[in-house]
Amino acid sequence: MEGKRSSEELQSMLGAIRSSDVVESRIQLLNKLGELEISEESDLASLVECLTAFWEDYTCFDVTQCMLNKAILHVASKHLESNTSSCQSRFLALGTKASIWCGKHLKMTLMSSEESQEEEHCDLFFEVLLDLLSFSAASYSALARYPISVDKVSMDITEKFIMEQLNITNDAISASKRIHSHASEVLKVAHVVIDAVIRLCGVYAQAINWNISDANLEEKNSMDFEGFSAMNHVINITKYAIEVLHKMGIFAAKTGGSLVSILNVSWKGVVTLLQIGDGAFGVKMNAADILTTLVSLVNDSLKCTAEAWSSLKESVSTTEARRKFLPVKFYLINAVKVSSLYPCQAFAMHKKITLCVLMISTFKVSMSNEKHLKTACEVFTELLEKTSLDLLNSLLNSDQVKKSLKFEVLDSLFINKSFANPIPGNLNDLNKIPIMDGIFSESCELFSGARSVLLGQVELFLSFSRYSVDLEDVKLVITRKLGWFLDSLVDEELYSSVLVLQIPVLCGSGKNVELVWQPIYASLLNALKTLMVVVSSSDAWTEVESFLLENLFHPHFLCWEIVMELWCFLVRYAEPRIVSGIVDKFCSLLKFLASSESVLVPGSGMRKLARSISMLLSFGTPSMVDQVFKFIIDDDRSQMSSVVCLALFIEGFPLNLLSDKMKSIATQRILSDFFVFIESFDEKLINASNDGIFGVPVFALSASLQSLHINSSEIDVKTLRFLVSIIHSCRDSMDKLMKDQYLKLLSETLGIISNMKHLYASDEIEEVIFELENLFISGPAASDNELYKCKPNLALFMAGIAHVQLAETDKNSKFSAACELYHMMLRERHWALIHLALTAFGYFSARTTCDELWRFVPQNAALSYDILSGSEANEERFMSVFKTFLDEEIALDITASNSEELGMVAKEGRVLKEIFQKMSTIKVETIECESMEIDVEKQSIEVDEEKQDSKKRKLPDGISEGMELLQSGLKVIVNGLSQWQQNQPESTELQHKFKTHCSRLEDEITRLVGLAGSNN
């Protein structure tokens, strides 16, 4: 009876509403209608039909009619929760009609608000809009409670409702910037609507059999047909939801962070819905478009950041950096998820993905070199480095992508042809943030081989190596790109940057991850070592072995250093059996390469291999060092065995790591060979030697002195007599090849004696000093340009003169000879010889008993000249520079280098490089003098002063006449020498000596003329 009375009351109220022409009366009746309890399905259906009919679809905005629609939504929302599914379609139809109306009037309201529409009307409409959005969310929840309708009409109504609801929700979000008074409420309800539609799609997806396809319907089974229809119904709903959420995500991303909530829920919704049906949307949805959007958002965000920071002076804080980079991380994470779900579609746009990841790597390196962006670079590394690499790995680790296609991705990223031709641009520009404006571009071809991303490519390759444990199928390809990596480092701009720049690197794993700043070179080595460990147990190890062997003789110094670091790492941690086999093969190869012609050539294959073996042994065990020494000597006293030993000794063979027994054997052999050689030294012996090298025992002793710490008492005065004999041979020899051999022996012997302080106390040292002075200064051989080869070791010998007792008198010839030798060394102008000469003089000054040190410094010492003009020498200036040099040497001995000092060195290096580049571009041209206005009065005063000075400084007439005669005589000599060369071309050696002396004479005459001119 109660239900019957409610039904009658409902029908009575509906009839009253229909018959009433007054809107306010309808609203009052609707408010009462919302208070009724309706349980019968027929009554509910009548109610919804009536509400739909009452909805006023007017075109002009009317307050009372708008209030009527608000009341209708209130009643519909109240009865939507009734426990019945038969009226769902009617409620959805009402919601569709309301959505269309709200969409139309939202545009009208926004237009009218621009024209100062009355605030009351706007507020009322937005209240209706909020009620509609709440009704939408409730409708989605109601739909989720019941099974999917298989009726075609119901499906159509449901799909249309969801489409219109999503459209009005999207429109409301898009208009949120222009509805300030209701924006927060609209966004809050819109968030609820989005959550509800995502949840509805998820519930529907669980109820679908995704294995049904067109092939299953051949028998026209009704149940299969209904299942197929339901599946298409869910696909249509979900597909449209993804599209709208995609639009919302783009809009929210472009608002600059004010719609963070919508940004999160929309993109998470896109990813969640794409996962529905185990990839059933692979055909229906274009996942590549979504990925393109996400990649573009990453690029745009970073580009905006680069533009904002391009002219920034102050440091960027951690908070600001996180605010900039967290959205980028969010886009990357979602891109990784989409790419992992649909790797085949992602591969279709792999060029955009690889370019995006490459630009992220380049941006990191660019920021690392800006002091005010150091903190930002740390945040960037922490948030984006690993995530960006995950985006690429989502392609490279997918089972759905063929291996050949994976290789194609890496080939396009680390392409060899980029280094085939000179790369345009300047890598120094990488240090300027403004260039990043153009790097974040949609064009992949634009940056193919561009110098600005070259270092970014290298850093990305290192990232692959650091995280190689996450790689699966492409470990082999990465190891095959090691050759590309070395080829890229050959570029002069790149390897200089690798040595100078520092980057932040994440170290450790799990909760123990720590961010540290490392030089790129150190980071590079650590990354490659990680790669070696990861691939050591896989097929890719063969590629690593081949790479290490093929580049054992790499001609570029940095590449060779890298390869040797990896070899040493292998020796340090590999199994002893493997290491022993490697070293044995290297020793066999060294014996094969051994030749007396190449042992003294630093860049020869033999010397490089000897250097490699010595480096490897320094990380090995003493037993391994003994093993190699036995292998090389092998009781073989042949010349070739000695040559191999010499190559190893010169390249730092760790003799100090030998066992005591083997060290004793090595010392005895080296010393006995040396004494046998110097005691039998004879010119006939060298004439008989035709194997390309002479005096191997001398070279061997010189190279091994520091390692073996040979007792000085074992080297006696015979060595001094041997040195005198060599000096005589150098002075008297006329054969160029023989003289070259003598000079090498002279240099090495000087080095040996410089380590033997006791020899300086012997009487024979005086003769040695005289002979050296005669050879280098006063004798006929002093003009030989080849003597410069001996000057480095001569400087070492000169330092030892501090241990010689010298009487400081002009009559003491030993003292005079030592002074002359120091004069010669301190006049040298080559930077390396200047350094050696000052070092030697510093050692001498600190230990000698001589008081009058000024006697050892020539008036024209290289460092006594004025830096600016270079024409005036001053003794005080030399002493000042000498003191500065000694202070720096002391500081280097007692102070370890720190980051500040390294920074200063790097800065000075860049300045020198800029100076060199400027000098290399200067063109020698005639400089035209510009006319200048001169103060006549001032000029006359200066002329009078010059006349007075010239009278005081004018040289005698005899000197001027002598100068003219010298110049005329030299001209005659040069003309005669030219005719001699034409008439007697066979006398080349004698002509060469004349030419050398004439050149020196011309230099001296030029100096005299200049000196006379400066005094006239």
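The table that follows gives values for the structure above.
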quantity: Segment 227-259, subset surrounded by fewer than 20 Cβ atoms within 10 Å (Cβ to Cβ) and among the polar types (S, T, N, Q), residue nearest to Lys152 (Cα to Cα); calculated: Ser229
quantity: Index of the failed condition, Ala522 passing every other in (1) farther than 25 Å from Pro602 by Cβ; (2) of a type in the set (A, V, I, L, M, F, W, C); (3) in contact with a helix residue (DSSP H, G or I) (Cβ under 8 Å, 6 or more places away or on another chain); calculated: (3)
quantity: Some residue of segment 260-273 being part of a loop (DSSP other than H, G, I, E, B), surrounded by fewer than 20 Cβ atoms within 10 Å (Cβ to Cβ), in the same structural domain as Arg178 (by TED's automatic domain parsing) and more than 30 Å from the chain's Cα centre (by Cα); calculated: no
quantity: Segments classed as helices (runs of 4 or more DSSP H), wholly inside segment 458-506, with at least 3 members that are under 22 Å from Val401 (Cα atoms) and among the hydrophobic types (A, V, I, L, M, F, W, C); calculated: 475-480
quantity: Single unsatisfied condition, Phe797 versus (1) touching a helix residue (DSSP H, G or I) at 6+ places or on another chain (Cβ under 9 Å); (2) surrounded by fewer than 19 Cβ atoms within 10 Å (Cβ to Cβ); (3) not polar (S, T, N, Q); calculated: (2)
quantity: Extreme residue, farthest from Val857 (Cα to Cα), among residues of segment 871-885 that are surrounded by 13 or more Cβ atoms within 10 Å (Cβ to Cβ) and modelled with pLDDT of 75 or more; calculated: Phe885
quantity: Residue match in segment 659-674 (condition: surrounded by 15 or more Cβ atoms within 10 Å (Cβ to Cβ), in contact (Cβ under 8 Å) with a residue 12 or more places away in the chain and under 41 Å from the mean Cα position of the chain (by Cα)); calculated: no
quantity: Matching option when the condition is over 53 Å from the mean Cα position of the chain (by Cα), in a helix (DSSP H, G or I), surrounded by 15 or more Cβ atoms within 10 Å (Cβ to Cβ) and modelled with pLDDT of 90 or more, among Arg721, Arg731; calculated: Arg721
quantity: Filtered residue count, segment 580-608, keeping only those that are touching a Phe, Trp or Tyr at 6+ places or on another chain (Cβ under 9 Å) and assigned to a helix (DSSP H, G or I); calculated: 8
quantity: Complete set of residues in segment 88-107 that are over 12 Å from Asn69 (Cα atoms) and basic (Lys, Arg); calculated: Arg90, Lys104, Lys107
quantity: Any hit, segment 396-405, residues being in a loop (DSSP other than H, G, I, E, B), within 18 Å of the chain's Cα centre (by Cα), at pLDDT below 90 and surrounded by fewer than 21 Cβ atoms within 10 Å (Cβ to Cβ); calculated: no
quantity: Any hit, segment 298-310, residues being touching a residue at least 60 places away in the same chain (Cβ under 8 Å), within 24 Å of Ala175 (Cβ to Cβ) and among the basic types (Lys, Arg); calculated: no
quantity: Residue check for Gly3: at pLDDT below 70, more than 17 Å from Leu129 (Cα to Cα), of a type outside the set (Lys, Arg) and assigned to a helix (DSSP H, G or I); calculated: yes
quantity: From the options Asp156, Asp131, residue that is free of Cβ contacts under 8 Å to residues at least 12 places away in the same chain and either within 21 Å of Met231 (Cα to Cα) or more than 55 Å from the chain's Cα centre (by Cα) (or both); calculated: Asp156
quantity: Failed item in (1) modelled with pLDDT under 75; (2) surrounded by fewer than 20 Cβ atoms within 10 Å (Cβ to Cβ), with Val63 passing the rest; calculated: (1)
quantity: Any hit, segment 755-762, residues being under 22 Å from Arg827 (Cα atoms), modelled with pLDDT under 95 and crowded, with 20+ Cβ neighbours inside 10 Å; calculated: no
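The values are calculated or read from the model by the stated rules, or taken from the named source; none is laboratory data. Quick caveat, the model's predicted, so the values are computed rather than measured. FYI the Cβ positions are ideal-geometry reconstructions off the backbone, even for glycines, and counts take in every protein chain you see.
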